Amino acid sequence: MSEEGGFGIAFAEKLFGALLMVVGALAMYFEYTSVEVLGSFVGFLAFLNIVIIALGFLLLTAKTE
């Protein structure tokens, strides 16, 4: 495999990880500002948001070769 596009792929991975973390944080904020409306789904949605934030963190910290 050639290394011609290596920087672009690494940059895209880091950018996508940052976007996932921002989207997860925004979703968490909007979830907790509307707890009354969501009712019993708050725990499930919080778990999903934590998974999204964790995936974003993994993409940010992953070492590309």
**Complete:** Those residues of segment 31-65 that are in contact with an Asp or Glu (Cβ under 8 Å, 6 or more places away or on another chain), without any contact (Cβ under 8 Å) to a residue 12 or more places away in the chain and β-branched (V, I, T) come to a total of 1
**Message:** Exactly one of these conditions fails for F11: (1) of a type in the set (F, W, Y); (2) modelled with pLDDT of 90 or more; (3) within 11 Å of L59 (Cα to Cα). Give me its number.
**Reply:** (2)
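Can you tell me which residues in segment 30-65 are of a type in the set (S, T, Y), assigned to a helix (DSSP H, G or I) and more than 27 Å from F11 (Cα to Cα)? Talk me through it step by step, then tell me what you get.
Of all residues in segment 30-65, those of a type in the set (S, T, Y) come to 32-34, 40, 61, 64.
Checking the rest, the ones that are also assigned to a helix (DSSP H, G or I) come to 32-33, 40, 61.
Within segment 30-65, Y32, T33, S40 qualify.
The values are calculated or read from the model by the stated rules, or taken from the named source; none is laboratory data. All values reported here derive from a predicted model rather than from experimental measurement. Methodologically, a virtual Cβ is constructed for each residue, glycine included, from the backbone with ideal geometry; neighbour enumeration extends over all protein chains shown.
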